[in-house]
Amino acid sequence: MRCKVICNPKSGRHISVKKLENILGKLVMEHDISFVDVCHTSGAGDAWQAAAALSPDNYDFVIGAGGDGTINEIVNGLMEGGSGLPLAILPGGTVNDFAYYMGLPSEAKDFCLMLRHGTIREVDLGLANGRYFINVAAFGMFTDVGYKTKNRDKSILGKLAYSMQGMRSAPEQLFSTMQLKAVCGAEILETEALLCIVANSSSVAGVRRLMNKAQVDDGMLDVFLVTKPAWQTFSDTFQSLFNGEEPRMGMIWQRQINEATFCIQDNKTVDYDIDGERGGDLPLTIKVIPKALKLFVPDFEFKQTQKAPGTKNLS
């Protein structure tokens, strides 16, 4: 097989490059790949351009090594280029929400096993104002922490860097609301809101079970909207969420949608986040693109001949 590698060497305390070298060496030595071409990104847009230029005439699959932002660029490039090449994600960032949800391996041995014996699963993507996302689009309280946290801090402190940035932003953001109009199919909600998340998986911002009903191949996206609470219910509600329980109070509005529009009804300018990177300003139109991406996933029962629904072997 012929492999294109797109790697962000600055992701995850610079550990992804070392792992990648081990993986590629193992794959070549064991004749799993016959040709490999490595692209190291140096700035924003590099991964997008590299993925968009790919052709199935030259490659059989892509390895994307990096964090959520790098993977987002690769996904957008693959969709723009239309190559239809399968993607294998080597998690190399600080949080790696989507990789965690999918159970994607980060160690060399397990990653090689996934490529050799795993399956290719067709997963949904979201489309937010023309830009694809693999895991989440969000706006409101604390959703800018990901792209406001400095890369230097993430390299040194890891997940702690996000917590520190969140603490710095807390005095301003805890009391900042927006007059939001959400149109989800035939349902219209007008409310004073703190936070809105539209997710493809259940793992968002390091909270591993935020969207309990979310599935990556159900043709739906999950909306999680936090409205302005009576302040005495605030701590109880979020404590239940972080415990992985259903929200106990009425400030959480959740829906499964295939398309939605969000707009601000006051004079505020509200940014939205796409897979941890700044996407732009509201209004925001989101829809699901069912089974748009071919993704390598581990199959620990690969010796069985029966495959799970929606998956298939590379060969």
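The values are calculated or read from the model by the stated rules, or taken from the named source; none is laboratory data. On a predicted model such as this, the values are computed, not experimentally measured, just so you know. Note that each Cβ is placed from the backbone with ideal geometry, even for glycine, and that neighbours are counted across all protein chains shown. Calculation scope for accessible area: heavy atoms of the full protein, side chains included, ligands and nucleic acids excluded. Shrake-Rupley method; radii C 1.70, N 1.55, O 1.52, S 1.80 Å.
A few points about this structure:
- In the stretch 17-45, the residues that are open to solvent by less than 50 Å² (accessible area, probe 1.4 Å), closer than 25 Å to Gly84 by Cβ and either of a type in the set (Phe, Trp, Tyr) or outside any strand (DSSP E or B) (or both): Leu20, Ile23, Leu24, Leu27, Asp32, Ile33, Thr41, Gly45
- Looking across the stretch 203-220, the residues that are modelled with pLDDT under 90 and open to solvent by less than 30 Å² (accessible area, probe 1.4 Å) come down to Ser203, Val204, Val207, Leu210, Met211.
Conditions tested, residue by residue: (1) modelled with pLDDT under 90; (2) under 27 Å from Leu189 (Cβ atoms); (3) under 18 Å from the mean Cα position of the chain (by Cα).
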| position | (1), (2), (3) |
| --- | --- |
| Ile289 | no, yes, yes |
| Phe296 | no, no, yes |
| Glu301 | yes, no, no |
| Asn313 | yes, no, no |
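- Being open to solvent by 40 Å² or more (accessible area, probe 1.4 Å), closer than 19 Å to Phe296 by Cα, more than 15 Å from the chain's Cα centre (by Cα) and not charged (D, E, K, R) is a description that does not apply to Val62.
- In the stretch 82-132, the residue that is least open to solvent (accessible area, probe 1.4 Å) out of those that are outside any strand (DSSP E or B) and of a type in the set (Lys, Arg) is Arg116.
- Where a residue in the stretch 63-77 is acidic (Asp, Glu) and its partner, wherever it lies, is in a helix (DSSP H, G or I) and surrounded by fewer than 24 Cβ atoms within 10 Å (Cβ to Cβ), with Cβ under 7 Å and at least six apart: Glu73/Trp48
- Single condition Ser11 does not satisfy, out of (1) surrounded by fewer than 14 Cβ atoms within 10 Å (Cβ to Cβ); (2) touching a Gly at 6+ places or on another chain (Cβ under 6 Å); (3) not aromatic (Phe, Trp, Tyr): (1)
- Yes/no for Val223 being part of a strand (DSSP E or B), β-branched (Val, Ile, Thr), open to solvent by less than 80 Å² (accessible area, probe 1.4 Å) and modelled with pLDDT of 90 or more: yes
- Residue check for Thr233: in contact with a Gly (Cβ under 9 Å, 6 or more places away or on another chain) and either modelled with pLDDT under 95 or surrounded by fewer than 17 Cβ atoms within 10 Å (Cβ to Cβ) (or both): yes
- Residue count for the stretch 28-45 under the criterion of being in contact (Cβ under 8 Å) with a residue 40 or more places away in the chain and within 21 Å of Gly276 (Cβ to Cβ): the result is 0.
- Test: Leu54 is open to solvent by less than 20 Å² (accessible area, probe 1.4 Å), part of a loop (DSSP other than H, G, I, E, B), out of contact with any Pro (no Cβ under 9 Å at 6 or more places or on another chain) and not aromatic (Phe, Trp, Tyr): yes
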